[in-house]
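Okay, structure first, notes after.
Values in this text are rule-based calculations from the coordinates and carry no lab data. Values in this document were obtained by computation on a predicted structure and should not be read as measured data. Here the Cβ positions follow ideal geometry from the backbone for every residue, glycine too, while neighbour counts run over all protein chains shown.
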Ligand code: UDX
């Protein structure tokens, strides 16, 4: 069997590479970051993802690392592109890294090579790449869109047990060869054209983000009328047409995908002359949801000038060190803007925060974070926070206020310990 190549060993790239190796493939991983490649060669995994370091070590015989694009195409016929496509200042996805790969492709004459797009790219990109390949006289390379649906924190399980595999191509043989990589998985494999495959990814993420903004608005109404959003969501979730997932109210969605993909889909629609009204609201609700936490703090503490607030959790969700578009960052800057002091603790994201977050005093544990604080806000529902040292926190905090931004804490226990407790969407 020829090896499988992966270009771009970031989050999606490394998980894809490792899982394909776990499925028995020889994998060649390529990244332009020589330092990253060197540390991966030593078995060091540069991202926090449960189970990933162990799986990299387990499959080290089958995983090879290089900085050479030529090497990857010499050794591999099927080559995945998993470089990042961050949002540009216009809201469009920045495809410069994707096109940097395309323009650096070596001449390939075998007619057996397939480029498989794992990066999330705007609808229409596949077609553009196919034209670019033709322009470079490389139209003997097949192109396949194979979007990724994995979630950070459960990426390995999601990759190995997907709900579906989507394969978009104009060449049926290329689709078959890529599909063959997934046949050990018991998932439906949907073969379609390229634009449809690209759209499935955006539509899925935008729908999930819509579900979150919807339940957040329901939560806001619940607060006004004395209903409890958690029970409302449970009651809705029993309806199989609605489903129970992604109905957790909180302080909004973040991460590397939802904010970027929702904005990009809105932009894709706009560029084609369609105004996607619903997504405009989804984005706005997500922004306002963070502001509501600030208002809750003001309601209890008055003006926040010179108040000190502890953020419990910085990562955009538990089981990751990822701070991209995290609610914590937005919340921290709003609080700082209001003249508050902000302290924070996160079980794994502190080293990352030290590199990227300004103006927040980063602490090594919960008790140091809440010391002399007027309030603590739970931002990320790390398991560690399920059992907060309430008695000790009470002694150390100036005011005894806890805002639970994820409806994760035990309200009764916190109130019994002498704190004022407020969650999202219930009294
Ligand atoms: C998401 C998609 O789930 C995944 O399919 C895609 O490939 C990448 O984007 P991820 O960003 O890892 O994955 O995180 P996810 O678990 O989906 O959560 C995204 C955000 O939504 C988090 O900030 C989370 O806290 C928030 N969220 C999620 C809610 O606020 N409420 C919910 O009910 C679910």
At q = 0.13, 0.14, 0.20 Å⁻¹, what base-10 log of I(q)/I(0) does the Debye formula yield for the range 258-422 when every alpha carbon is treated as an equal point scatterer in vacuo?
-0.62, -0.71, -1.28
Please report 300, 245 as a ranked list, fewest other C-beta atoms within 10 angstrom at the top and most at the bottom.
245, 300
Between the range 304-323 and the range 190-228, what is the C-alpha centre distance in whole Å?
24
Applying a 10 Å radius around every beta-carbon, put 99-111, 18-30 in order of their mean neighbour count, most first.
18-30, 99-111
Please list 197-209, 264-276 highest first by mean number of surrounding beta-carbon atoms within 10 Å per residue.
197-209, 264-276
For the chain, calculated [θ]222 nm from helices alone, where every DSSP H run of n ≥ 4 adds -39500 (n - 2.57)
-13000 deg cm²/dmol
So what's the angle, to the nearest 10 degrees on a 0 to 90 scale, between helix 258-271 and the longest Cα principal axis of the chain?
60
Taking the square root of 5 times each eigenvalue of the Cα gyration tensor, what semi-axes in Å does the equivalent ellipsoid of the range 3-192 have, largest first?
24, 19, 17
With R₀ set to 25 angstrom, the calculated FRET efficiency between the beta-carbons of residue 244 and residue 281, to the nearest 0.05, is 0.60
On the formula 1/(1 + (r/R0)^6), with r taken between the Cβ atoms of residue 66 and residue 110 and R0 of 25 Å, the FRET efficiency rounded to 0.05 is 0.80
Quote the relative contact order of the chain in percent (integer), defining contacts as alpha-carbon pairs under 8 Å separated by 6+ residues.
12
Packing-ranked peptide list from 405-412, 119-126, highest mean Cβ count within 10 angstrom first, is 119-126, 405-412
Which whole-number percent is the relative contact order of the range 3-192 (Cα, under 8 Å, 6+ apart)?
19
Tilt, helix 277-301 to longest principal axis of the chain (alpha-carbon atoms), in degrees rounded to tens, equals 30
In whole percent, what relative contact order does the range 258-422 give with Cα contacts below 8 Å and a gap of six or more residues?
20
Measure of size requested: the Rg and Dmax of the chain, with Cα atoms as the atom set and Å as the unit; please supply both.
23.3, 73
Give the share of C-alpha pairs in each 5 angstrom bin for the range 278-349, from 0 to the last occupied bin, in whole percents, shortest bins first.
3, 16, 24, 22, 18, 12, 5, 0
